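The values are calculated or read from the model by the stated rules, or taken from the named source; none is laboratory data. Given the structure is predicted, the values throughout are model-derived calculations rather than measurements. When we count neighbours, we look across all protein chains shown, and the Cβ atoms used for this are built from the backbone with ideal geometry, even at glycine. Each accessible area value is taken on the protein alone, full model and side chains, heavy atoms only, with ligands, DNA and RNA left out. Shrake-Rupley method; radii C 1.70, N 1.55, O 1.52, S 1.80 Å.
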Amino acid sequence: MNKRPDTDSTRHLLILNPNTDLKLTARLVGHAQKLLPETYTVDGVTARLGTRYIASRTSHVIAAYATLDAFAHVSHSSPSCLRRNTTVLVACFGDPGLDALGDIARYSVTGMARASLLACRAKGGRTGIVTGGEAWRPMITDLIAAEGFTDSVAGIRTTPDSGERATLQHEQTVQALLSVAYDLIEEDGADHILIGGAGMIGFRSELAACLPVPVYCSFEESLASIVSRPPAPGKGLNAPLAVTNLGSDLTSLLMGEQ
């Protein structure tokens with residue numbers, strides 16, 4: 001990981017992948033390094049437990065704990081990686097553990113869904129969301145309602161396979177995304193399309209070349225949202241928590257020992 005003094009004038013992004021897929025973390029870090037201004041440094045951390053790719057309510061709940069565990073681990077093992085100007089991005093369109101992370105972190109935190117939906121709402125019009133995995137539709141519906149984005153979202157459509165398989169069957173994924181995107185435009189009146197999911201990066205340009213409305217990528221829009229706003233550090237844990245049988249790093253953080 002990059003280790004720079006806290007006085008460094010650059011801004012820093014820590015991509016926290018709540019999936020356990022190390023290759024996905026590397027892809028996200030590489031993509032961010034290409035898109036962010038030179039004033040940014042980028043690191044990535046991968047969940048140490050849970051599922052390789054979040055694709056159900058059960059795996060999403062597990063990922064919320066994995067998010068806190070990964071953050072606690074990096075805080076303990078690489079404290080110099082977290083600086084005053086760090087923004088932590090939870091790199092999953094379901095934002096697992098985001099609010100809890102915001103409660104305990106002293107750094108600016110956001111999630112892929114929250115950041116990208118904010119960016120899309122700022123563009124005006126109504127957003128049509130496409131992603132991989134049928135189980136995600138009710139999950140995203142709940143998230144949108146909880147986050148207050150219902151009025152700016154035209155609809156949500158999913159392809160049969162999760163984002164984990166997207167790059168393994170590229171052409172099939174493109175065709176599936178185009179099909180549901182057309183439904184959002186023609187049936188739901190979407191003014192633009194947002195491709196949601198960490199595993200779905202890399203499809204925006206191909207969809208944009210075929211669709212009659214603008215197409216956005218949730219990860220890329222998250223980066224744009226982060227760049228456009230100064231970091232807003234959190235206050236950290238208000239009071240120690242008495243916990244039992246959690247990982248040592250998270251226990252230490254929650255008990256106020258870090």
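Annotations for the structure displayed:
- When residues of region 134-153 are limited to those that are in contact with a Gly (Cβ under 9 Å, 6 or more places away or on another chain) and open to solvent by 10 Å² or more (accessible area, probe 1.4 Å), the one farthest from residue 165 (Cα to Cα): 152
- Only a single criterion out of (1) more than 18 Å from residue 217 (Cβ to Cβ); (2) out of contact with any helix residue (DSSP H, G or I) (no Cβ under 6 Å at 6 or more places or on another chain); (3) crowded, with 21+ Cβ neighbours inside 10 Å; (4) of a type in the set (Val, Ile, Thr) is not satisfied by residue 109, namely (2).
- Residue within region 180-195 that is out of contact with any Gly (no Cβ under 8 Å at 6 or more places or on another chain) and assigned to a strand (DSSP E or B) present: yes
- Considering each residue of region 58-81 in turn, none proves to be open to solvent by 10 Å² or more (accessible area, probe 1.4 Å), touching a strand residue (DSSP E or B) at 6+ places or on another chain (Cβ under 9 Å) and under 24 Å from residue 142 (Cβ atoms).
- Note on region 26-38: residues that are closer than 14 Å to residue 14 by Cα and either open to solvent by 20 Å² or more (accessible area, probe 1.4 Å) or assigned to a loop (DSSP other than H, G, I, E, B) (or both) amount to 7.
- Residue in region 214-245 that is nearest to the chain's Cα centre (by Cα), counting only those that are of a type in the set (A, V, I, L, M) and more than 27 Å from residue 36 (Cα to Cα): 237
- Selection within region 134-148 - without any contact (Cβ under 8 Å) to a residue 60 or more places away in the chain and part of a helix (DSSP H, G or I): 137, 138, 140, 141, 142, 143, 144, 145, 146, 147
- Selection of first residues in region 149-167 that are farther than 18 Å from residue 59 by Cβ and of second residues that are open to solvent by 60 Å² or more (accessible area, probe 1.4 Å) and part of a helix (DSSP H, G or I), restricted to Cβ pairs under 6 Å at least 6 apart or on distinct chains, gives the following pairs, ordered by first then second residue: 152/121; 156/137.
- Condition met for residue 43 (at pLDDT 95 or above, in contact with a Gly (Cβ under 9 Å, 6 or more places away or on another chain) and farther than 17 Å from residue 197 by Cβ): no
- Index of the failed condition, residue 204 passing every other in (1) open to solvent by less than 50 Å² (accessible area, probe 1.4 Å); (2) touching a Cys at 6+ places or on another chain (Cβ under 8 Å): (1)
- Pick from region 230-254, criterion surrounded by 14 or more Cβ atoms within 10 Å (Cβ to Cβ) and out of contact with any helix residue (DSSP H, G or I) (no Cβ under 9 Å at 6 or more places or on another chain), ranking: nearest to residue 125 (Cα to Cα): 231
- Here residue 225 clears all of (1) open to solvent by less than 70 Å² (accessible area, probe 1.4 Å); (2) within 24 Å of residue 106 (Cα to Cα); (3) without any contact (Cβ under 8 Å) to a residue 24 or more places away in the chain except the condition numbered (3).
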